[in-house]
1. Across the stretch 66-78, what is the total count of residues that are hydrophobic (A, V, I, L, M, F, W, C) and more than 17 Å from VAL153 (Cβ to Cβ)?
2. Output the number of residues of the stretch 73-111 satisfying the condition of being open to solvent by 40 Å² or more (accessible area, probe 1.4 Å), in contact (Cβ under 8 Å) with a residue 12 or more places away in the chain and farther than 22 Å from TYR162 by Cβ.
3. Residue check, GLN57 against (1) under 23 Å from THR154 (Cα atoms); (2) in a strand (DSSP E or B); (3) of a type outside the set (A, V, I, L, M), all met but one. Which one?
4. Pairs, please: C-beta under 8 Å, at least 6 apart or cross-chain, first residue closer than 25 Å to LYS97 by Cα and in the stretch 55-68, second of a type in the set (Gly, Ala, Ser)?
5. Restricted to the stretch 43-78, and to residues that are at pLDDT 90 or above and among the acidic types (Asp, Glu), which residue is farthest from LEU107 (Cα to Cα)?
Amino acid sequence: MNNRYLGFLIVIILFLCGCEKKKETIESEVPVTAVSDTVTLAADANIDQQDRYEPQQKSIDDEGAVFLGDVTFKVLSEFTDNVSFEQTVEGSGRNVKLFYREKVIHLINTKLQDTITFRKEDFKDKLPDYDNMILQSVLIDFEIIDKSIPLVVTFCMPDSDYCYFFDVHFINGALQAEMINLEIDG
């Protein structure tokens, strides 16, 4: 009887050890300019007392792919080490600075192994309230068939619903962006 419990216990322990969740990371195919961190990243429960980055870690996310004829564009969004926006908030006893990481969008032409990267600066002449906005997201608009690359890029004021939306495409390697109105269900 004891051997049965011992065997059951071993099976449970092996099962729990095998359940380690692994996070898939995407290696950058685009060189990232390293900028030294001048802020102490919060590493403990006292997070409201320290200056910090939003998001805390730099990362690259695979947003999907766009197929245009025989060319496939891989769409990646990346949070870099560069700071796009700085916000001061009142903490317990002192002000805390939030440093919003710069987000950039990479379009990788898988046929030519060529990458087009665009940043907030590429929208400077089109974006109202430029200094108060961050590049929030990129969406692939599958309903648009007649555009060269069907992307919708969103710029928002941090911690608000105040956003601008752009229909983005490239013509002969040049960024073309047109502001659009989108209704957000909330």
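The values are calculated or read from the model by the stated rules, or taken from the named source; none is laboratory data. On a predicted model such as this, the values are computed, not experimentally measured, just so you know. We place every Cβ from the backbone using ideal geometry, glycine too, and count neighbours over all the protein chains shown. To get the accessible areas, we keep the full protein, side chains included, count just its heavy atoms, and leave off ligands, DNA and RNA. Shrake-Rupley method; radii C 1.70, N 1.55, O 1.52, S 1.80 Å.
1. The initial filter retains those residues of the stretch 66-78 that are hydrophobic (A, V, I, L, M, F, W, C), namely 66-68, 71, 73, 75-76.
Among the residues that remain, those that are also more than 17 Å from VAL153 (Cβ to Cβ) are: 67-68, 71.
The qualifying residues number 3.
2. 7
3. Of (1) under 23 Å from THR154 (Cα atoms); (2) in a strand (DSSP E or B); (3) of a type outside the set (A, V, I, L, M), only one is false for GLN57: (2).
4. Here the result reads GLN56/ALA42; ILE60/SER28; ILE60/SER77, each pair linking the stretch 55-68 to a residue that is of a type in the set (Gly, Ala, Ser).
5. GLU54
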